[in-house]
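Following: one structure in structure tokens, then a few remarks.
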Amino acid sequence: MSKTTTIKTSFTDEEAIKEVCKSMGLPASVKGTAGLYDRSTHTGTIIKLPGWIYPVIITKDGKAHFDNYNGHWGDQKVLDQFRQTYSKVRVMKEFKKAGYTVQSQTAKAGKLVMNFAKY
């Protein structure tokens, strides 16, 4: 039986963030404080995305703060890929912990398809 699920992403797993940075070939995430164009500053995990002027800052509550000026200062697709990869890592981690085997693939339009089985 097929089941479609929508997941709202909250970036709360530091190890998963590190794994995603490594798998995407990004510089390692660092802890610290960084600012955005609007002069706001945020403290948390700082991620540098390729081609982005400002970093993505993930705060303790799992929210991502960024400014890409509607794509002029950074390609939204890169952040979307980071979010999808993070979600995949987290879901796979939790299902494996619960004793499932997991397979995943990217389908048309970048949709992620995951299959789970418990033996």
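Express the carbon and sulfur contribution to the solvent-accessible surface of the chain as a percent, rounded to the nearest whole number, probe 1.4 angstrom.
Carbon and sulfur: 52 percent of the exposed surface of the chain.
What's the local net charge at Thr101, with K and R +1, D and E -1, over the other residues with C-beta under 14 Å away?
Counting the neighbours of Thr101, the net charge comes to +3.
How would Trp52, Trp73 rank on accessible area, largest to smallest, probe 1.4 Å?
Trp73, Trp52
If the only charges are +1 at each Lys and Arg Cβ and -1 at each Asp and Glu Cβ, what is the size of the charge dipole of segment 6-119 around the Cα centre, to the nearest 20 debye?
380
In a Debye calculation with equal point scatterers on the alpha-carbon sites of the chain and no solvent, what is log10 I(q)/I(0) at q = 0.15, 0.17 Å⁻¹?
So the normalised log intensities work out to -0.72, -0.89.
Apply the Karplus parameterisation 6.51 cos²θ - 1.76 cosθ + 1.60, with θ equal to phi minus 60°, to every residue of segment 23-28 and state each ³J(HN,Hα) to the nearest whole Hz, in sequence, with x for glycine and proline.
5, 8, x, 8, x, 4
At 1.4 Å probe size, what's the solvent-accessible area of His72? Round to the nearest 10 Å².
140
Around Val91, with a cut-off of 12 angstrom between Cβ atoms, what is the net charge of the other residues, counting Lys and Arg +1 and Asp and Glu -1?
+3
Using heavy-atom solvent-accessible surface (probe 1.4 Å) with all chains present, what is the largest-first order of Phe11, Phe116?
Phe116, Phe11
What accessible area per residue, rounded to a whole number of Å², is obtained for the chain using a probe radius of 1.4 Å?
Heavy-atom accessible area per residue stands at 70 Å².
Determine the calculated [θ] at 222 nm for the chain from helices alone, applying -39500 (n - 2.57) to every DSSP H run no shorter than 4 residues and normalising by the residue count; nearest 500 deg cm²/dmol.
Estimated from H runs of four or more residues: -9000 deg cm²/dmol.
Under a Cβ-Cβ cut-off of 12 Å, what is the net charge of the residues other than Ala16 that fall near it, where Lys and Arg count +1 and Asp and Glu count -1?
+1
Any idea what the relative contact order of segment 1-93 is, in percent, if you count C-alpha pairs under 8 Å spaced at least 6 apart?
25
Rounded to the nearest 0.05, what FRET efficiency do Lys63 and Gln105 have when you use their Cβ-Cβ distance and R0 = 22 Å?
It comes to 0.15.
The values are calculated or read from the model by the stated rules, or taken from the named source; none is laboratory data. The structure presented is a predicted model; accordingly, all values stated were derived computationally and were not measured. Every residue, glycine among them, receives a Cβ derived from its backbone with ideal geometry; neighbour counts consider all protein chains shown. Please note that ligands, DNA and RNA were not included when accessible areas were found on the heavy atoms of the full protein model with its side chains. Shrake-Rupley method; radii C 1.70, N 1.55, O 1.52, S 1.80 Å.
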